[in-house]
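Trainee: There's a structure below that I have some questions on.
We did not get these values from a lab; they are worked out from the coordinates using the rules stated. Remember, it's a predicted structure, so these values are computed and weren't measured experimentally. Don't worry about glycine lacking a Cβ; one is built from the backbone with ideal geometry, like all the others, and counts go over all protein chains shown.
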Amino acid sequence: QVQLVESGGGSVQPGGSLSLSCAASRLITGIRAMKWYRQAPGKERELVAARTVNGNAHYADFVKGRFTVSRDKALTTTYLQMNSLEPEDTGVYYCKLEAAWGDFWGQGTQVTVSS
């Protein structure tokens, strides 16, 4: 079993930045992609960004140019750098690891953007 531990959430004013981390409890083989989702109150969970095992990054239109997804070489930690945050970015952010043998979710970390 794999556990994903997220950190880095918090409160920030509009225009500010936050950096999220998602660390796996152990080295994992067969990784296909590492993804970030978010869920705002009363809304469905939505994909924010993804980074495939070959290094390609994909972003939702509403974060392009503001968010950057990255990972370490060992593929045990993924990061989400969030700049120019807007109140609409408020929500619980989840990381997801997709492997050939299963998918795993982090517990979520709250991000609040408010003046």
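Trainee: Under 20 Å from the 7 Å Cα→Cβ point of Glu86, by amide nitrogen: which residues of region 1-40?
Mentor: Label zone hits: 10-20, 36-40.
Trainee: Can I ask one more? Using the charge dipole of region 55-99 (Lys, Arg: +1 at Cβ; Asp, Glu: -1 at Cβ; taken about the Cα centre), state which of Gln81, Val63, Tyr93 has its Cα farthest towards the positive end.
Mentor: It is Gln81.
Trainee: Given points 7 Å out from each Cα along the Cα-Cβ axis, report the Val2 to Lys64 separation in nanometres with one decimal.
Mentor: 2.8
Trainee: I've got another one for you. Straight-line reach from Lys64: which lysines fall under 16 Å, measuring Cα to Cα and dropping same-chain residues less than 8 apart?
Mentor: Leaving aside lysines fewer than 8 places away in the same chain, those within reach of Lys64 are Lys35.
Trainee: Given a Förster distance of 35 Å, report the FRET efficiency between Ala23 and Asn54 from their Cβ-Cβ distance, rounded to the nearest 0.05.
Mentor: 0.95
Trainee: Hey, what did the chain get for relative contact order, percent, Cα under 8 Å, at least 6 apart?
Mentor: With pairs under 8 Å counted, the relative contact order is 37 percent.
Trainee: Name the long-range amide H neighbours of Val2: under 5 Å, sequence gap of 5 or more, or other chain; modelled H, no Pro or chain starts.
Mentor: Under 5 Å from the amide H of Val2 lies no amide H from a residue far enough along the sequence or on another chain.
Trainee: Compute, for the chain, the length of the dipole vector about the Cα centre, with Cβ point charges of +1 (Lys, Arg) and -1 (Asp, Glu) only. Units Debye, rounded to 20.
Mentor: Working: 12 positive and 10 negative charges, 68 e Å.
With Lys and Arg at +1 and Asp and Glu at -1, about 320 debye.
Trainee: Under 10 Å, Cα contacts only: if you run a Gaussian network model on the chain, which one of Glu44, Glu86, Glu98 comes out with the highest mean-square fluctuation?
Mentor: Glu44
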